[in-house]
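Some notes on the structure that comes next.
The values are calculated or read from the model by the stated rules, or taken from the named source; none is laboratory data. Fair warning: this is a prediction, and the values are worked out from it, not measured in the lab. Heads up, the Cβs are rebuilt from the backbone with ideal geometry, glycines too, and the neighbour counts pull from every protein chain shown.
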Amino acid sequence: MNRANNKETYERDIARVATAIDTADAVFVGAGAGLSTAAGFTYSGERFERAFADFRESYGFTDMYSGGFYSFVTAEEHWAFWSRYIMVNRYDLGANPLYVQLRKLLEGRDYFVLTTNVDHQFQLADFDRRRLFYTQGDYGLFQCSHPCCAETFDNEAAVRAMVEQQRDMRIPSELIPRCPHCGREMSMNLRSDNTFVQDEGWYAAQARYAEFCRRHKGMRTVFLELGVGYNTPVIIKYPFWQETLANPQATYVCANLGEAVAPREIEGRSICINADLARVIEDLLQSLKSQ
């Protein structure tokens, strides 16, 4: 099922989602990159030019995402780019109003957030951290590049020093981050290959999410999918489809501009909203307040 939402359909669907959330025993929130895009965290355009014009001129890439895969010749160049990248997307940001609205929408409800986003916005917006499972890592964490331990390390002090002291798109060699256990160079704790470290906190969050799923099996649930595409559908999208199919009391909601779809098997219990997420969350919050 895939359709565009005209004004009448949109308003009806917002009301249906608000009612489903208001009467649910639990709300499962699945948040993908589209949510942060709707919040204004784009990786190209003005944000990129403001922070990386010199890198574009010297290396040729035109967005932060491409720069993240660039093969820099030296570690000093690599960390000059990545320290700026982390600063722009993690430490220069406060709580985004869209994420704050989403938190308010969920206040007083039994919810859990499953997310592939790594920008720390749920934490900054003061979500209950015991109700978060951020599966793909966090911009604020380092790990050993050849993991000698299942441990991650807060990187704020190191990143700020690299940003402050870099010159000509290079950091001083002594600032290259190294594992305190084996001395190897650090890497970002972002899932990109089989070296990704799932630390103690990751497994604790996984266990809390599994328990949340177990406790609400067969109950009235809403699977609220926000901005999830098809880069990693096995983490949020496919499990939400499967859980909805298995539970006759479940409602699947897919809100995603340009990609609001649901399979035929659960079409009768799905609500697809093809609209900007900032508008959707604001309208849902207002609809819930009026109920």
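Structure values in brief
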| quantity | calculated |
| --- | --- |
| Which numbered condition Glu174 misses (of (1) outside any loop (DSSP other than H, G, I, E, B); (2) in the same structural domain as Ala31 (by TED's automatic domain parsing); (3) free of Cβ contacts under 8 Å to residues at least 24 places away in the same chain) | (2) |
| Of residues in segment 26-60 being of a type in the set (S, T, N, Q) and in a helix (DSSP H, G or I), the one surrounded by the most Cβ atoms within 10 Å (Cβ to Cβ) | Ser36 |
| Restricting segment 177-207 to residues that are among the acidic types (Asp, Glu) and part of a loop (DSSP other than H, G, I, E, B), the residue that is surrounded by the fewest Cβ atoms within 10 Å (Cβ to Cβ) | Asp193 |
| Among (1) surrounded by fewer than 20 Cβ atoms within 10 Å (Cβ to Cβ); (2) hydrophobic (A, V, I, L, M, F, W, C); (3) in a helix (DSSP H, G or I); (4) in contact (Cβ under 8 Å) with a residue 12 or more places away in the chain, the one test that Ala210 misses | (4) |
| Unique match (being under 30 Å from Cys144 (Cα atoms) and surrounded by 13 or more Cβ atoms within 10 Å (Cβ to Cβ)) among Thr244, Thr232 | Thr232 |
| Qualifying residue in segment 218-237 (condition: in the same structural domain as Ile21 (by TED's automatic domain parsing), more than 18 Å from the chain's Cα centre (by Cα), at pLDDT 95 or above and of a type in the set (Lys, Arg)) | yes |
| Residue within segment 156-166 that is surrounded by fewer than 17 Cβ atoms within 10 Å (Cβ to Cβ), closer than 21 Å to Tyr203 by Cα and hydrophobic (A, V, I, L, M, F, W, C) present | no |
| Qualifying residue in segment 93-109 (condition: over 28 Å from Thr23 (Cα atoms) and buried (at least 17 other Cβ atoms within 10 Å of the Cβ)) | yes |
